[in-house]
1. Can you tell me which residue within the stretch 1-52, out of those that are among the β-branched types (V, I, T) and modelled with pLDDT under 95, is nearest to N74 (Cα to Cα)?
2. Checking the conditions here, which among P1, P52, P84 is closer than 18 Å to G109 by Cα, surrounded by fewer than 17 Cβ atoms within 10 Å (Cβ to Cβ) and touching a residue at least 12 places away in the same chain (Cβ under 8 Å)?
3. Can you go through A430, A445 and tell me which one is under 22 Å from the mean Cα position of the chain (by Cα), open to solvent by less than 10 Å² (accessible area, probe 1.4 Å) and in contact (Cβ under 8 Å) with a residue 40 or more places away in the chain?
4. For the stretch 39-69, how many residues are part of a helix (DSSP H, G or I) and in contact with a His (Cβ under 9 Å, 6 or more places away or on another chain)?
5. Please verify whether Y113 is touching a residue at least 24 places away in the same chain (Cβ under 8 Å) and either in a loop (DSSP other than H, G, I, E, B) or charged (D, E, K, R) (or both), treating the condition exactly as stated.
6. Suppose we keep only residues that are within 22 Å of I182 (Cα to Cα) and aliphatic (A, V, I, L, M) within the stretch 34-91. Which one would you say is nearest to the chain's Cα centre (by Cα)?
7. Of these, I345, I410, which one is among the hydrophobic types (A, V, I, L, M, F, W, C) and modelled with pLDDT of 95 or more?
Amino acid sequence: PLEGAGNWTHQNTNAANTLCSDDVRLRGPLAMLWYRDTDFVLPNRHGRGPAPLVDRGRMFVEGLHGMRATSIYNGRTLWEFPLPNALATYHREHSIGAAWTGGNYCLGGEDLYLHTGDRCLRLSADTGQLVREYKPPARPDGKPGTWGYIAWEGGTLFGTLADEEYLVRCWSPNWDTGGQSIQSVMLFALDPDTGKVKWTYRPQRSIRNNAIAISQGRVYLIDRAVAEVDRLRYPIAPLYAEAKRRAAANKTKEADELLPLIPRPPGGRLLALDAETGQTLWTNDEDIFGTQLAVSDKYGMLLMCYQPAHQASLDSELGDRMAALNVHDGSRIWETAARYVARPILNDRTIYAEPGAWHLLTGKPLPFTLQRSYGCGIPAGSRNLLVFRSATLGYIDLTGARQTENYGGIRPGCWVNAIPAGGLLLMADAASWCTCSYLNQATIALQPSIR
């Protein structure tokens, strides 16, 4: 292993949802290490498929019909595991995908865990061989459950039972969002060695998958009613979308005239559970507004915020405030009004949330502005680099000029698929179904160039 090379084991880096790897090797400027032609079919980039994962010199990429492990140092295929139609529900023009489902696979210990809804497969990360299978628990009504959220932390496999009846609207009402479950009716912890369920938590109302974060023996979640404003047919959705569009375009006065007309999503209860037993450690019912949680282990802080997006954001993702809470008792440390248009990144004591940055310990804004060209998707980070789409591949070296630079000719996907980990920037092909005029359709690895 390279010294200082970080990993990326879950959809949002880790079960704590920091969206920032601990890699300290990677920085700009970037130069080509290797590329390979596209010979592994991936889903439509608008379907926002699960992010590639990176650990111990390997990149794991889920395609439409299987899983592939690749050497991050030379691009050689290490193994493939066939899974016909594994990402069929992601291969659509809906822009929901892993952005709100949370993805369907993760790394834990020596293995990779991937669920297909009706089962979870445990594959050896070294060889791709099937180790064992797990079935999700039954639903509270006794019917077979469908696996939703997935995570591995501290030797325990975590999952949820998806709320298949709650379907959300994407940015076009003509596109199918079936099979894209973003809410859950039960959380469970499973012993991956015995296959036995350790404990379950049944919410009073519902759990949004993005509002689950796991770290250092605790599971944090928000138990709240589903956001009716996100449903497929909600009467004032067009007005709400217009208000959010104006706010994102910095037309503050115009947006402020529209936003009060829209009912805010319901509040909820924030809980911390013991990861081993499921016992409730503390609860907080005081103005719990967020749709997303992330944990800073180093500073013992829990960030509660939203996940707005440039395009196809859910209407409940307001992106107008964030708060920090103490992980030990749930008490509020600070709260601030903050307008941002992308999922926040926890990078040590800095919160990067496009277009700005805030100090994690105080909530105070910092002198930083992220500027980029067009394109959907959100920034992702490592300790020294922010990566995003800016027409082509854009990045900011946080150790240098802290301004947007580009690597031309290639385009990242429509969510998170350029991964800063392993000492490299790794990007699975995201242009196979794209009709834009990007010259190079390939899977690539970029390395820090010699200064």
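The values are calculated or read from the model by the stated rules, or taken from the named source; none is laboratory data. Note that this is a predicted model, so its numbers are computed, not measured. Positions of Cβ are backbone-derived with ideal geometry, glycine not excepted, and every protein chain shown enters the neighbour counts. We work out accessible area using only protein heavy atoms, side chains counted, and drop any ligands, DNA or RNA first. Shrake-Rupley method; radii C 1.70, N 1.55, O 1.52, S 1.80 Å.
1. T38
2. One residue alone meets the criteria, P1.
3. A445
4. The number of residues fulfilling the criteria is 2.
5. Considered against the rule, which asks whether it is touching a residue at least 24 places away in the same chain (Cβ under 8 Å) and either in a loop (DSSP other than H, G, I, E, B) or charged (D, E, K, R) (or both), Y113 comes out as no.
6. A51
7. Being among the hydrophobic types (A, V, I, L, M, F, W, C) and modelled with pLDDT of 95 or more holds for just one of I345, I410, which is I345.
Let's see how each residue does on (1) under 25 Å from the mean Cα position of the chain (by Cα); (2) modelled with pLDDT of 70 or more; (3) of a type outside the set (G, A, S); (4) over 27 Å from D22 (Cβ atoms):
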site: K244; (1), (2), (3), (4): yes, no, yes, yes
site: A247; (1), (2), (3), (4): yes, no, no, yes
site: L258; (1), (2), (3), (4): no, no, yes, yes
site: P266; (1), (2), (3), (4): yes, yes, yes, yes
site: F289; (1), (2), (3), (4): yes, yes, yes, yes
site: G300; (1), (2), (3), (4): yes, yes, no, no
site: M322; (1), (2), (3), (4): yes, yes, yes, no
